[in-house]
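Scroll down for the structure; my scribbles are underneath it.
Where a number appears in this text, it was derived from the coordinates with a stated rule and is not lab data. Everything numeric in this text was worked out from a predicted model, so none of it was measured.
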Amino acid sequence: MLCQISTWHTLYYTNGELMKNSYKLYIFDFDGTLADSGLGIARAIQEFSTLKGLPQYTERQILDAVGHGVDELLGALFPMKKMDDNQKFKFIEEFIEVYRVNQRHQTFLYSEVESILKEIVRKGSKIAIVSNKPEDLLLDVTKSLGLDTLPWIKIAGANTYTKCKPDGFPLLEVMKIATISAEDTLMVGDSDADLLAALNANCDFLGCAFGIGSQDLAEKYPKQTLMDEFKEIRSWI
């Protein structure tokens, strides 16, 4: 059931523009949007904490820090401000290797994701992923889930471009590749980074109330449309 928090089905609640019934380009976040990856992220942080002798966090505490990329996630949980650049780089790389193993075994597609993506393509629209997950991890997990066989116009991670979400730059770059305007683009995601990227790229946004960062999203930006299940996106395809 759709959670219609606003009378307007749109991010642009300040000028009252309605969301369209369908779009030519759909840009998806990955974690908490296409896939339930929360357990894998939490387990990786907890395992890494044990290996490093660092403070332990609950799953909820970890997931509350997710959405802005690995660097910010680790910076929010661990004392990285005391590290020099070389130490930070090594620390992040060590965590990524722990997470790489966890994500392969503890990341699962939400119900009907693959069939709906195929439906979008059959109807003539284009699909892309823009995530704040490092690109190599993103490509690895999309392949392990069988999503690599879909005709993505772009799968972009946090380090694919010079800027990442909440900046609108990666979305605008994907629009250029697709040769589709912002007006005909829908960004789908579960966090404030996704919403702000859509706002900065001047495209519509649809939120995922089932995602990792959805609670924060709903609290900070109450006047927008969220869907309770991924299959509800059919209302906009």
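Some notes on this structure:
- Whichever lysines have a C-alpha closer than 23 Å to that of K82, once near sequence neighbours (fewer than 8 apart) are set aside: K52, K90
- Averaging the Cα positions of each part gives two centres, and for the range 142-203 and the range 67-83 these lie 23 Å apart.
- Pairs of Cα atoms nearer than 8 Å and 6+ residues apart set the relative contact order; for the range 93-192 it is 23 percent.
- For the range 38-105, taking the reciprocal of the average inverse distance between every pair of different Cα atoms yields a Kirkwood hydrodynamic radius of 12.0 Å.
- Crossing angle, helix 192-201 versus the chain [Cα axis fit, 0-90 degrees, rounded to tens]: 50 degrees
- Adding -39500 (n - 2.57) for every DSSP H run of four residues or longer, then dividing by how many residues the chain holds, sets the calculated 222 nm ellipticity at -12000 deg cm²/dmol.
- Gyration tensor (alpha-carbon) shape descriptor, the range 116-214, a/c threshold 1.5: rounded
- Listed by chain and number, the aspartates and glutamates whose alpha-carbon sits under 14 Å from that of K88, ignoring those within fewer than 8 places in the same chain, are D71, E72.
- Lysines with Cα under 26 Å of K176, excluding same-chain neighbours fewer than 8 positions away: K20, K24, K118, K123, K126, K133, K143, K154, K163, K165
- Value of relative contact order over the chain, rounded to a whole percent, pairs C-alpha under 8 Å and six or more apart: 33 percent
- Its residue count N sets the reference 2.2 N^0.38 Å, and the alpha-carbon radius of gyration of the chain equals 0.99 times that reference.
- Difference of contour (0.36 nm per residue) and Cα-Cα distance, D148 to R100: 15.6 nm
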